[in-house]
Amino acid sequence: MNKKQPYMNVGAAGLFGLFGLLFFILLFRYFTIQFTGEVGSQPLAAKAEQKYSRTGNLEAVRGVIYDRNEVVISEDTTSYTLIAILDKKMTTNPKKPNHVTDPEKTARELADIIDMEESEIYSILTKDQFQVEFGKAGRDISHQTKKEIEALKLPGITFKRDSKRFYPNGIFASHLIGYADRVEEKDGTYNYVGMMGIEKTLNEALTGKDGKINYESDLWGYLLPNGEQKVTPAQNGNDVYLTIDQKIQTFLEDAMNKVVEEYKPKKIIAIVADPKTGDILAMGQRPSFHPKTKEGIDNSWHNEAIETSFEPGSTMKIFTLAAAIEENKFNPNDYFQSGSYKVTSKDKPIHDHKRSGWGTISYLEGVQRSSNVAFAKIANELLGFDKFREYLTKFGFDSKTGIDLPFETTGKIQYTWPIEKATTAYGQGTAITPIQQIQAMTAIANNGKMMKPQVIDKIVNHDTGEVIRDVTPEVVSTPISAETAKEVRDILETVVTNKETGTGTRYQIDGYSVAGKTGTASIPDPKGGGYLDGQEDYIFSFLGMAPKDDPKLIVYVAVQQPEIDHYSMGSIPVSMVFNPVMKNSLQYLNIQPSQQEKASTTKLADLDGQGVSETVKQLEKTGIEVVVLGKGSKVTGQLPAPDTNVLQGEKIIIQTSGKLAAPDMTGWSLRDVMKVAKISGMKLNSTGSGYVVKQNIKEGASLRKGDFLIVDLKTTEEKLEMEAKEAEEKTEGSEEDLENLPRD
């Protein structure tokens, strides 16, 4: 034992030294961290903050687009994405499974609700993944559809809350409003970006800025009781108020639908404007598209009123006439020889649309008959080509209007050779845009003051209500005097009223004096020089205003290549848009007729508190159709609002106490469906155009605030085709049943 003692002492000393060294290193390391605050050249505090600090995203809302009366045109709304959890590990209690336990049943029941085949759903549910989504069919799910799926109580089926851009009016000034698409950002987040129209022009103003919340959490991410929170609020996008009037726009959409149904034109372009302010009250075209589904967008990407210039035809004669009157060169009682006219001896002759002419006639009759010869002589001999060119600039035909819409183009004035200068005077050879014609026409309607076209009324901070941009009427120029403007209007009225010589008699409106000019423009042959020469190969148009003495509205309508038997019928489809839109809009704006006729409008009283049965009887006597929502005995709400002028045949929605039940809306216009949605607080979504053929809420079912009211609309032609197809299928089914009967 004594011999081993020295070795034990040496070992103990070695161990003591080793532990002492380790203690020294640990102590040194401790003080180093204390003084430097770093580990591995990285700040220790930062590592701790990274581990226990969490950041949450506060999503900003894209701004709302309203019409001039604060009716929602475009807004963000809540939607849901359908998700299925497939991982069995998510279930801890077999009695309450958190994953899909029966793919067959789940697929079968989901197929009844979402637009996807049962077999396709089943293949998704049997994938070897933690969770799955269902593509387009499982996105943008409404609150009502979500509730239907939840009622099935399918294990593993859940939802992710999201937002989508909602366009409650469907096909409605679609190229003006545009649309916003969901785009993935570099950081993996999603945002809506404007792709067309106002959504694109004002994308920066409409787009909000997401906020953040930083908070201290425990190891599992839960908020610590006394942890610090730093919140950077979201900045929501600004709200945009347009000059568009939803009701006038709806008049326009309905009228264009009827023309498409009956005459199937290649294009329709239509604009309604207030000449006193330049405000665009309605703008539409066909073909159009649905901003939510994008259905139809492949047929027309361009806003034809802004982005396309074409030969205007005889509507251009308005401004040639105005220039000559302003220069005191036009005498309506002077005479000229109609039929044909040579600008120079080297040029081919210009012809009237009646090639033989009408003999020697006055210049006033030349305007009424829309004589090309009259206007070529006015520009060349009376006014002079150089002076006429000055007026083309004064009326803004060689520059953009500056309207707040993307991709505006300008006119293309061909003005080199004498023949080009003469044909420009009556609207051939030179191309201009519809919005340029509207701007120029404001000078005629507004006593010489030409107004810049406006589509934006104001931009407002969504969160504070502060007006960021307030658009005021802007006088672009004063190309003519008030006296000239009045004389032009007086002459243009005779184009409409003179039954023997006027080309615009079809545009007369009972009770209102209309002043305007027809247009029949040739279409260049896309295969080469010259023009198309078919009976329907024209752009038929009318540019008019009313009432003539103090115009409140300008309406421009152009219809390209409608299916007609003769070009003389071209005014029919144009008048089918112009006349009802002008008349209904004037009545809606409470513009009194110049001559009294049987009242076609009724001013609604305040019906609140009145007895329902008595109120219905009184309203129906005036030709108004009444729809009652609720089963109470007293009126508690109404649409339209009190003091509103309503048209005969228009539906009035009356609200009473109690639960609101859905009426049968088959055959209703979208305008009337909107009233039900608004008075019940529901969100409206529509597909198609025309009149209602299907509604998602059955007649008699409850109308619940916040739910979606979805209607499918079809034109009369589409409805007839659908009914014929159903009848055919029914007949085939009956024949099949007969074949299956036992035989002798």
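Each label point was placed 7 Å from the Cα along the Cα-to-Cβ direction; for Thr464 and Ala151 their separation is 4.6 nm.
Within the set Lys264/Lys294; Lys631/Lys705; Lys394/Lys421; Lys317/Lys394, which residue pairs have Cα atoms separated by over 19 Å?
Values: Lys264/Lys294 21 Å; Lys631/Lys705 17 Å; Lys394/Lys421 16 Å; Lys317/Lys394 15 Å.
Correct reply: Lys264/Lys294.
Measuring max minus min along each principal axis, the C-alpha atoms of segment 369-527 give extents of 61, 43, 36 Å (largest first). The residues of segment 526-589 present an accessible area of 37 Å² per residue when probed at 1.4 Å with all protein chains retained. Residues of segment 688-716 falling in the label zone of Thr666, defined by backbone nitrogen less than 11 Å from a point 7 Å along Cα to beta-carbon, are 693-695, 699. Remark on segment 76-155: hydrodynamic radius 13.0 angstrom, per the Kirkwood mean of 1/r across alpha carbon pairs. For segment 556-637, the list of trypsin sites (Lys or Arg not before Pro) that fall in a loop by DSSP and count at most 16 other C-beta atoms within 10 angstrom reads Lys598, Lys631. Whole-percent P(r), the chain, all Cα pairs, 10 Å bins from 0: 2, 11, 18, 19, 16, 12, 8, 5, 3, 2, 1, 1, 1, 0, 0, 0.
Averaged over every viewing direction, what's the projected area of the C-alpha convex hull for segment 267-391? Give it in nm², one decimal, please. Present the calculation step by step, with values, prior to reporting the outcome.
Numbers: hull surface 43.8 nm².
The Cα convex hull of segment 267-391, projected and averaged over all directions, gives 10.9 nm².
Long hydrophobic helices in the chain: the complete DSSP H runs spanning 27 Å or more by Cα along their own axis with mean Kyte-Doolittle hydropathy of at least -1.0 are 5-36. Under 5 Å from the amide H of Asp140 lie the amide H atoms of Tyr80, each residue being 5 or more positions distant or on a separate chain, with H modelled from the backbone and absent for Pro and chain starts.
Kindly state, to the nearest 0.05, the FRET efficiency for Asp533 paired with Glu699, given R0 = 41 Å and r defined as their beta-carbon distance.
Working: r = 54 Å, r/R0 = 1.31.
So the FRET efficiency works out to roughly 0.15.
Each label point was placed 7 Å from the Cα along the Cα-to-Cβ direction; for Glu474 and Asn328 their separation is 3.5 nm. A Förster distance of 45 Å, applied to the separation of the beta-carbon atoms of Leu27 and Lys209, puts the FRET efficiency at 0.30. With R₀ set to 56 Å, the beta-carbon distance separating Asp112 from Lys266 gives a calculated FRET efficiency near 0.85. Remark on segment 265-326: ratio of C-alpha radius of gyration to 2.2 N^0.38 Å is 1.47. Each label was represented as a point 7 Å from its Cα along the Cα-to-Cβ direction; for Glu390 and Asp510 these points are 4.8 nm apart.
A simple charge model with +1 on the Cβ of Lys and Arg, -1 on the Cβ of Asp and Glu and nothing else charged puts the dipole of the chain at about 2120 debye relative to its Cα centre.
Look at the dipole of segment 280-345 built from charges on Cβ: of Pro287, Asn303, Leu321, the Cα furthest out on the positive end belongs to Pro287.
What a 1.4 Å probe finds exposed on the chain is 49% carbon and sulfur by accessible area, rounded to a whole percent.
Work out, step by step, the length gained on full extension between Thr344 and Asp490: first 0.36 nm times the residue separation, then minus their alpha carbon distance; give nm to one decimal. Please list the in-between numbers first.
On the way: separation 146, 0.36 × 146 = 52.56 nm, distance 3.28 nm.
Here the answer is 49.3 nm.
The values are calculated or read from the model by the stated rules, or taken from the named source; none is laboratory data. Quantities reported herein were computed from a predicted structural model and do not represent experimental measurements. We place every Cβ from the backbone using ideal geometry, glycine too, and count neighbours over all the protein chains shown. The protein model used for the area step is the full one, side chains on, heavy atoms only, and it has no ligands, DNA or RNA in it. Shrake-Rupley method; radii C 1.70, N 1.55, O 1.52, S 1.80 Å.
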